[in-house]
Amino acid sequence: ELGNAIRKGLKNREFVVFMQPKCNLNTGKIVGMEALARWKKTDGAIVLPGDFIPYMEETGLITDLDVYMWEEVCRELRSVMDDGKEMLLPVSVNVSIADVYALDVPEVFRTLAERYGVPPEYLEVEITESIYARDTERINDMVRQLRKDGVTVLMDDFGSGYSSLLALKRFPFDLVKIDRGFVSGMLQDKTQAAFVPALTSLVHNVGRRVCLEGVETMEEYEAVQKLGIEVLQGYYFGKPVPAEVFEDKYLNSICGGVRSNRNRA
Ligand code: C2E
Ligand code: MG
Ligand code: MG
């Protein structure tokens, strides 16, 4: 039943793009956003990824969703550019392991960037770390090719899988997203407080930038402020909202100055 409903939903464009802001640690300014899928049923109910992504990953349907999401994001970027807005920000999209086997991922991004006339530096891909344990060479080639084409590559959920450290050692990401499990609880005791600073300096020591996910409170924000983290993401800065709401709520109010901050994060 779920499979049929998902297939129908894909056909009827019931899946929609939500955007969550990513911010600069020092200024709190928005430096980018992550595109996250939501399933908007015909009755208006919004279904979260936890209820459809695992099934889609099992069945390979995830690749249809991902390509659809990547295209929607390119379309959205195109429309922002057509509006003549100056503050185009990079958008990250998620890439699943199934995509790596089903597609030539860099080729798909090249095609979409060309079709929509989107400069590749506005595209970022987040690859969850659990995939790095697999076919090392294939993944390495993909990461290198994407970066060569100008697309920024992030390792998602760092620290949550069993191969985190080897993956950090092996693959040339631009940024590493520390899993939000390390932020939650960090204010509770010394043991939990140890991880974010230690993981941040490890990532910095191997020459990569850090994005910290899951910052929910002002106390957490203050606790990480001295760590020199490049990008922060979390409910404290904003929850995921529909792309058009994102444009209204954030982009219009930060017009100017943002474009030049883009690459410095
Ligand atoms: P992710 O890529 O690690 O995305 C971050 C998740 O953390 C999002 O959940 C976001 O809403 C949530 N989050 C962000 N800040 C906070 C915070 O401060 N506190 C808490 N508690 N949560 C926060 P979401 O949107 O439910 O997505 C869950 C996962 O589903 C994503 O994790 C990603 O792995 C997957 N996903 C979502 N959309 C797509 C997609 O289009 N394609 C693929 N392949 N995976 C997707
Ligand atoms: Mg992600
Ligand atoms: Mg993540």
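Coordinate-derived values only; no laboratory data. Owing to the predicted nature of the structure, the values given are computational and were not obtained by experimental measurement.
Close amide H contacts of S160 (hydrogens built in the peptide plane, cut-off under 5 Å, sequence separation of 5 or more or a different chain): D179. The phi torsions of segment 19-32, fed into the Karplus equation with coefficients 6.51, -1.76 and 1.60 and a -60° offset, translate into couplings of 10, 10, x, 10, 10, 7, 4, 7, 9, x, 5, 6, 10, x Hz, rounded to whole numbers, with Gly and Pro shown as x. Based on the alpha-carbon gyration tensor of segment 1-123 and its eigenvalue square roots a ≥ b ≥ c, which shape applies: rounded if a/c is under 1.5, prolate if not and a/b is larger than b/c, or oblate? In terms of gyration-tensor shape, prolate. Computed over segment 28-100, the P(r) tail beyond 17 angstrom holds 54 percent of alpha carbon pairs.
Hey, could you grab the Kirkwood Rh for segment 148-202? Inverse mean 1/r over distinct alpha carbon pairs, Å, one decimal. Computed over segment 148-202, the radius equals 12.2 Å. Restricting the calculation to Cα atoms, the chain yields a radius of gyration followed by a Dmax of 18.0, 51 Å.
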